[in-house]
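Have a look at the structure below, then the notes.
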Amino acid sequence: MTLRIAHLGPSVVPVWHQRGGALQRRMVELARAQARMGDHPLLVSPAAPAHDTREGDVKTASIACRLQRPWRDYEFVWRARRTLDRFQPDVVHFHGTPHGAVLMGGEVPSLLTADWFRWRGSGRGLGRRIYSWWLSRFTAVTAVSEYCHGRFTAFWPEVSPVYTVPNGVNLDQFRPDPESGARMRSALGISPSAAVVLYVGRVCEQKGSDTLLSAVPAVRDALRPVQFVVAGPPSQFGQTRPTSLLARMINAGVRYLGAADEGDLAALYNMCDVFVMPTSRAEMFGMAVAEAEACGKPVVCSALGGLLEAASERSALFVRPRDAAALSAGITTLLSDPERRARMGAAGIQHVRRFAWPAVATSFRAVYEEMLADGSSTAVAGRRLAGGR
């Protein structure tokens, strides 16, 4: 059975933005995998002026919005209704849009992929009742990790069915490529003899950027030369205004590259000796960790949330969140032991095979079919599908 699948994502950063985040990458890669499976995906994305495009086998319908957030989030979904009326989807797949099913009217089976379980005002009172009503209008919900699944179902026990389908990794794009890494080092003016520690993601306290900054001096005292490289937007994707935390990192000699271009990401991972993700809280998966592993890089990351699924004990050193001493010790340990780095890198390549996009797309296909099956969607609440643990 061929399906027509509409994907609706964030109302601000377009899905084909070359410096987007994990949500945009998931929409694009999932649509590509679904097209290769013979389905007909449509990406619905914000842009001005509105226009339709095609990237390979994937069509994109762009929606022009006039309002600012938070109202823009509702405007985007409302304006998308006309596009979906023309497309006539079998399934509407929302990404991080908890109000989507209500605004669509519920005529078509709808899925919400949740990267988070709590939204502003959803904790109690009227706000909670509104969000509970919104979430109940989805035919099903998927969480991006077992950790996210557990937090979501604990916070919203009245919402079902909820599945676990992890984020994925493009194993053709992210793979060991020492030559591209060497070219990136040369382009950035980094000595071939320097050890490189890389972080990719938003620069903010939630992601542990302050902990990473505190770990820098101890690593430099133990090993020289070491170059810390950070690639990602200040605070939020789509934001360019520097923050005080970012200024402190730059003043400390951290090489800041800004939000990484999609075409440069794989080379950046291949450039480094160790990848770090010191998230302090609320990490639902950790796509950058999985991408670094796919490039054969050992990881030092927080023993937190979805990072315990995106990485494994064979491919990563897990450290306590907010513990700069433990983070610096983990980085120093790996930089001092090339053989261990090689073993962990090889283990990471094996670990991330479960996150290949064809496997993830197959898991979502199983969810869609359950949604479309008459009377069967509630019988499988909480089932773990292929790709999850």
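Working from label points 7 Å from Cα in the Cα-to-Cβ sense, the residue 69 to residue 175 distance is 3.5 nm. I'd like the orientation of helix 146-155 relative to the chain: the angle between its Cα long axis and the longest Cα principal axis, in ° from 0 to 90, rounded to 10. Between the helix axis and the principal axis of the chain, the angle is about 50 degrees. Under the criterion of Cα pairs below 8 Å and six or more residues apart, the relative contact order for the chain equals 16 percent.
In region 162-260, the portion of solvent-accessible area held by carbon and sulfur atoms comes to 51 percent [1.4 Å probe, whole percent, DNA, RNA and ligands not counted].
Return the loop-located trypsin sites (Lys or Arg not before Pro) in region 26-108 (DSSP other than H, G, I, E, B) with at most 13 other Cβ atoms within 10 Å of their own Cβ; answer none if there are none.
Answer in residue order: 66.
Accessible surface calculations at 1.4 Å, restricted to protein heavy atoms, place the chain at 43 Å² per residue. The stretch between residue 82 and residue 191 holds 33.8 nm of extra length on full extension. This uses 0.36 nm per residue minus the Cα-Cα distance. Set against the 2.2 N^0.38 Å expectation for a compact globular protein, region 202-288 has a Cα radius of gyration ratio of 1.07.
Charge tally around residue 104: other residues with Cβ under 13 Å, Lys/Arg +1 each, Asp/Glu -1 each, net +2. Scan the chain and report its longest stretch carrying no GluC sites (Glu not before Pro) that are both in a DSSP loop and have at most 12 other Cβ atoms within 10 Å. No qualifying site falls inside 159-312, the longest such stretch. Between residue 218 and residue 340, the distance separating the two model label sites (each 7 Å from Cα on the Cα→Cβ line) works out to 1.5 nm. Where only DSSP H runs of four or more residues are counted, the chain gives -12000 deg cm²/dmol as its mean residue ellipticity at 222 nm, each run worth -39500 (n - 2.57).
The dipole here belongs to region 17-160: it is taken about the Cα centre, uses +1 on the Cβ of Lys and Arg and -1 on the Cβ of Asp and Glu, and is about 560 debye.
For the chain, the pair-distance distribution built from all alpha carbon pairs, in bins 20 Å wide starting at 0, is 28, 57, 15, 0 percent.
The values are calculated or read from the model by the stated rules, or taken from the named source; none is laboratory data. In this text the structure is predicted, and so the values were computed from the model without any measurement. Methodologically, a virtual Cβ is constructed for each residue, glycine included, from the backbone with ideal geometry; neighbour enumeration extends over all protein chains shown. The protein model used for the area step is the full one, side chains on, heavy atoms only, and it has no ligands, DNA or RNA in it. Shrake-Rupley method; radii C 1.70, N 1.55, O 1.52, S 1.80 Å.
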